[in-house]
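Have a look at the structure below before the remarks.
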Amino acid sequence: MTLSSRQSTISTERVIVVKSQTRNIIIFVVIALVVFGGVVLGLTLTKDMGMSEEEITKEDAQQRMQTLMKGIAVSQVTPRKAAVSDDDVLSEEQELPDIASYPLTVEGQGEINIEIFSSPEKAGEDTDGWLNEVAERFNRDGITVNGKSASVSIRSVSSGLAVDYISSGKYLPDAITPSNEFWGKMLEAKKVKVTLKEKKLAGNTAGVLLSQSKYNEILEKYGSVNMKVISEATANNEIAMGYTNPFVSSTGMNFLVSTLYSYDADNLLSSKAVDGFKKFQENVPLVSFNTLQMRKSAESGSLDSFVMEYQLYYNDPSLKSDYVFTPFGVRHDNPLYAVGSLSADKNAVLEQFCAYCLTEDSQALAKQYGFNQNENYHSELPDNISGENLLKAQKLYKENKDSGKTIMAVFVADISGSMYGESINSLQTSLINSMQYINKNNYIGLVSYNSKVYINLPIAKFDINQQALFKGAVQDLDTNGQTATYDALVVALDMLQKASAEHPDAKPILFLLSDGEQNNGWSLNDIAPVLSASEIPVYSIGYNANIEALKRVSEINEAATINANSDDIIYQLKNLFNSEM
């Protein structure tokens, strides 16, 4: 190889080496930049570790609130007083929906047919259908009375609602089988003739469900777990307890009485019992409108403990694996009562059906459905609790459930064009009638909305003056335009937060009354993080509604959604206010 050739080769190799080094440097730089960028991005994304778009700081929420408010057109309406009178109050019968709202689950076709009101856990669907199946078998078996074909019809109605239908005279079945004997005693106290035919159609108990970890913690500290211990631990803020509305729910009513009894075994209405209940109630985060709301709160981790019947617990494997069941109160043995004075033929059919329920086959079927499982439990409550005292216990609950803590609520009413007619009329009637169920020391405001948002009534104490302004504001609601639901919620939320600065001890609540449609203004995604950070529950009441849209709002902070038509919204709102207001 010549010198010039060798030099040329070396030069070429050097160029190749340089290019290779340059390429490596570039690759290194690129990798470094990618890594650096990833670190920066990671730090940016994780600086608020654990906060999703729906979980932001309260400081960020306040800033977003201001941004949201700037994009909303708000009008202030001058409220008008309307005289508050007894004419505003509907009778118990008028408050109740037509019985067609609760259709028959079994319809008998016999020449002699009796209708029975049944609590839903035995006249519902799937694992809640024991009494339905027994009734269908009875109707197929060709039973006769005095040569006439006999049959039964079953109507699924919650025990509290059944008592209201019967005591008001709105609708009278031939018989009733509530979950426990409290309701029969209350009917007697209301001067309704009922005759106990059977104390136990199918065995069941009410119980407190404690998470496994909380159960072990309480057991270790107190040495046992029973109703007295649970009451004490709740009062000491060691258990986050939830229970259902005692005006409607058998388990909720049983829990109320058992709690009072745990403080004074001699007199559940004594000042000692009431004082104990108040202390207990101060640390109860949730009296739920229904079992579904309570279950969702437990699933989210905001409750350690809640109440439920054993039959439902038995049929839910996830509950059995995650919670320990502790029975309390009177047994839920599904007694059977005749209502009023039945004809001889109807009485004979009822007695035959009662005997049919108690046959070996029917009782074995009951066990398959989850009944007759906890037969060794005996109630710690006395047998002689009167119906009069049970009614007084409900009243005591209503007066003391907030333990002196004020509720501050804003009603958010949909007045868009889709609410025209029956829906807006039902909204106005139900709100005005429900004024009687709002404690007068609470603070109330009203917002309405269509394409715009209107502050119809600023928040103020619900004294007679505010009641008159509230009634006038509700009466003056008029429908038109589009639907800016989430704009209205932001305005109401802003009102509550400002009022909370003046009343820091008050508990804020929002009530959204709508048909669920939304086609204007901010979206749910826009306001959800702010609503979540506020921790203020939004109870939604649907009027012939798109209920899924309302559920999404209420589920943000674990509130209930009521799906009602125009016929039953008055009764539903009454029960909601008895529970929350």
Exercise for the section: Return a yes/no flag: does segment 74-96 have any residue that is aliphatic (A, V, I, L, M) and in contact with a strand residue (DSSP E or B) (Cβ under 6 Å, 6 or more places away or on another chain). Expected result: yes
Problem - Sole exception among (1) surrounded by fewer than 23 Cβ atoms within 10 Å (Cβ to Cβ); (2) part of a helix (DSSP H, G or I); (3) within 21 Å of the chain's Cα centre (by Cα) for Leu427, by number - result: (1)
Practice task
Among the candidates Lys392, Lys405, single out the residue that is open to solvent by 40 Å² or more (accessible area, probe 1.4 Å) and in contact with a Lys or Arg (Cβ under 7 Å, 6 or more places away or on another chain).
Solution key: Lys405
Fill in the blank from the handout: Those helices (runs of 4 or more DSSP H) completely within segment 94-207 that have 2 or more residues that are of a type in the set (Lys, Arg) and either open to solvent by less than 50 Å² (accessible area, probe 1.4 Å) or at pLDDT 95 or above (or both) are 130-140
Handout entry: Output for segment 302-349, where each listed residue is part of a helix (DSSP H, G or I) and out of contact with any strand residue (DSSP E or B) (no Cβ under 7 Å at 6 or more places or on another chain)
Key = Gln311, Leu312, Tyr314, Pro317, Ser318, Lys320, Ser321, Ala344
Handout entry: Residue identified as at positive phi, in contact with a helix residue (DSSP H, G or I) (Cβ under 9 Å, 6 or more places away or on another chain) and either of a type outside the set (D, E, K, R) or buried (at least 20 other Cβ atoms within 10 Å of the Cβ) (or both) among Asn372, Asn456
Key = Asn372
Problem - Unmet requirement for Ala545, which otherwise passes all of (1) closer than 19 Å to Ala73 by Cα; (2) modelled with pLDDT under 90 - result: (1)
Practice task
Say whether the condition of being over 26 Å from Glu388 (Cα atoms), over 28 Å from the mean Cα position of the chain (by Cα) and open to solvent by 30 Å² or more (accessible area, probe 1.4 Å) is met by at least one residue in segment 253-274.
Solution key: no
Handout entry: Lone unmet requirement of (1) assigned to a loop (DSSP other than H, G, I, E, B); (2) out of contact with any strand residue (DSSP E or B) (no Cβ under 7 Å at 6 or more places or on another chain) for Ser262
Key = (1)
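Within segment 63-93, take every residue that is assigned to a helix (DSSP H, G or I) and open to solvent by less than 80 Å² (accessible area, probe 1.4 Å) and give me the one that is farthest from Glu555 (Cα to Cα).
Asp88
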Problem - Flag if Ser540 is at pLDDT 85 or above, touching a Leu at 6+ places or on another chain (Cβ under 6 Å) and within 19 Å of Met294 (Cβ to Cβ) - result: yes
Exercise for the section: Please indicate, with yes or no, whether at least one residue in segment 278-301 is of a type in the set (Ser, Thr, Tyr), in a helix (DSSP H, G or I), open to solvent by less than 40 Å² (accessible area, probe 1.4 Å) and modelled with pLDDT under 95. Expected result: yes
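The values are calculated or read from the model by the stated rules, or taken from the named source; none is laboratory data. Computed from a predicted model, the values in this text were never measured in an experiment. As a convention, Cβ positions derive from the backbone with ideal geometry for all residues, glycine included, and neighbour counts pool all protein chains shown. The protein model used for the area step is the full one, side chains on, heavy atoms only, and it has no ligands, DNA or RNA in it. Shrake-Rupley method; radii C 1.70, N 1.55, O 1.52, S 1.80 Å.
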